[in-house]
1. Tell me the label only: which of [x] 48, 40, 27; [y] 58, 37, 24; [z] 82, 29, 23 is Cα extents along the principal axes in Å as calculated from this structure?
2. May I ask you to derive the relative contact order of the chain, considering only C-alpha pairs under 8 Å and at least 6 residues apart, and to give it as an integer percent?
3. Among 18-25, 42-49, how do they line up from the highest to the lowest mean number of other beta-carbon atoms within 10 Å?
4. Run the quick spin-label model on residue 109 and residue 27: label points 7 Å from Cα toward the beta carbon, then report their separation in nm to one decimal.
5. Kindly express, to the nearest 10 degrees and within the range 0 to 90, the angle between helix 115-130's C-alpha long axis and the longest C-alpha principal axis of the chain.
6. For the chain, what is the mean residue ellipticity at 222 nm derived from helices alone (per DSSP H run of n ≥ 4: -39500 (n - 2.57); sum divided by total residues; nearest 500 deg cm²/dmol)?
7. If you fit an axis through the alpha-carbon atoms of helix 55-68 and take the longest principal axis of the Cα set of the chain, what angle between them do you get, 0 to 90°, nearest 10?
8. What does the accessible area per residue of the chain come to in Å², with a 1.4 Å probe and no ligands, DNA or RNA counted?
Amino acid sequence: DVMRNAPNQEAVTRAMNVFKTVGKGDLGKGLAELSQKEVMDLVALGVQKAKQGDFRGSVELMTSAARKSPDNLQVVMNAALASLKCLENLGWDHQTGMQARHLIESAARLDPMNPRLKAIRGLYDDLQKKYGIEVARKTS
């Protein structure tokens, strides 16, 4: 459960060290790999849901993956994009909009120079304008 719900890679590493301390390093490694596979399965299912037009289902799966792997830039950016595609296709709702903003900010903390970040921010801003929402961006 600790590895499955770890808030970051540091927590996974600490959990793996506990296994090593008691002579079960292989078990710890296996659990960490299983946890990563679960995240990738959530992402794959999220992509499938989006392709089927189930944008809310996609957002649910992708954000679950991002919560389980908050230090994985690609997972966080995919969750942000899923949220934006949901807004684009189903209209603006405050909760999904704020979630997208939070995910974009998380991605920016992980890699502020990532080339995909500018495009994702631009899509977020464009959607706010499209739906008459004042463009808001955290300044830091």
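The values are calculated or read from the model by the stated rules, or taken from the named source; none is laboratory data. Quick caveat, the model's predicted, so the values are computed rather than measured. Please note: Cβ atoms are built from the backbone with ideal geometry, for glycine as well, and neighbour counts cover all protein chains shown. Just the protein is used for accessible areas: all its heavy atoms, side chains included, with ligands, DNA and RNA removed. Shrake-Rupley method; radii C 1.70, N 1.55, O 1.52, S 1.80 Å.
1. Looking at Cα extents along the principal axes in Å for this model, the match is [y].
2. Reported as a whole number, the value is 17 percent.
3. 42-49, 18-25
4. In this crude label model, residue 109 to residue 27 measures out at 3.3 nm.
5. The answer is roughly 40 degrees.
6. After summing the helix terms and dividing by residue count, I get -25500 deg cm²/dmol.
7. 40 degrees
8. Spelled out: the 1.4 Å probe surface of the chain, per residue, equals 60 Å².
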